[in-house]
1. Between residue 19 and residue 65, how many nm apart are label points set 7 Å from Cα along the C-beta direction?
2. Could you calculate the FRET efficiency of residue 76 with residue 145 from 1/(1 + (r/R0)^6), where r is the beta carbon distance between them and R0 is 35 Å, rounded to 0.05?
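A short reminder: the numbers here are calculations on the coordinates, not readings from a lab. Computed from a predicted structure; not experimentally measured. For neighbour counting, all protein chains shown are included, and Cβ atoms are generated from backbone atoms with ideal geometry for every residue, glycine included.
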Amino acid sequence: MRLMPGDARNDDGFTLMEVVMSVAILGIVTVALTGVVLQHLKVSRSTQTRLSESTDQQFVSAYWQQDVSSLGRRGFDAADPADPVPTKQSVWLDAAAPDGCGSSVSGDVVVSFAWNEYVVGATNPDNGWDTTSQEVAYVTDQTGSQWTLVRVRCDAGAVDRHIVAHNLVQKPEVACDPSCGPALPRTVSITLKVKDLSGPTSTGYTTILTADRRQG
């Protein structure tokens with residue numbers, strides 16, 4: 001028997017059972033995806049924090065080794081200004097160097113260094129020392145309960161300022177072996193206590209960087 005046009009059934013749309021099943025499946029998938037997204041965000045934050053902390057440590061370590069290895073502020077004989085007399089004080093704790101490097105920057109000076117550079121390619125290699133001292137200061141800048149560590153380089157009146165460590169929970173401590181002055185130390189260490197941003201209740205973890213002096 002042939003169906004008349006009026007008898008044709010319309011199969012468009014969903015049944016109530018199909019809608020209920022779809023909503024149930026969607027809920028299960030949403031819960032699973034939410035867990036994955038939250039875990040991803042947590043891991044990403046932790047990874048980003050570790051990368052930031054690692055970058056800071058690399059900056060501090062590189063600058064610290066460079067500055068400590070250069071230590072050696074020299075005096076010069078007035079009769080022969082090119083003839084250096086070594087072993088003048090080159091490290092100052094909690095104070096700016098003699099020419100004031102670090103004193104013009106806001107914050108507390110942790111340590112200052114000074115040295116004289118040897119001019120490569122000098123006409124007379126025996127008199128190749130630059131009589132102008134180079135100075136560097138490490139200064140902390142506090143915001144709330146956290147500190148940043150700033151390296152300040154002073155050269156002929158120009159001041160170069162770089163933040164080398166973030167999220168410190170206390171002012172860094174510096175120690176010298178055998179002492180920080182007036183004699184030149186063999187090694188200089190800095191202790192940094194850094195807050196772990198991925199752990200809100202963290203009181204921080206400690207990093208100690210030690211560098212050797214190279215100049216005589």
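1. 6.9 nm
2. Plugging the Cβ-Cβ distance into 1/(1 + (r/R0)^6) gives 0.15.
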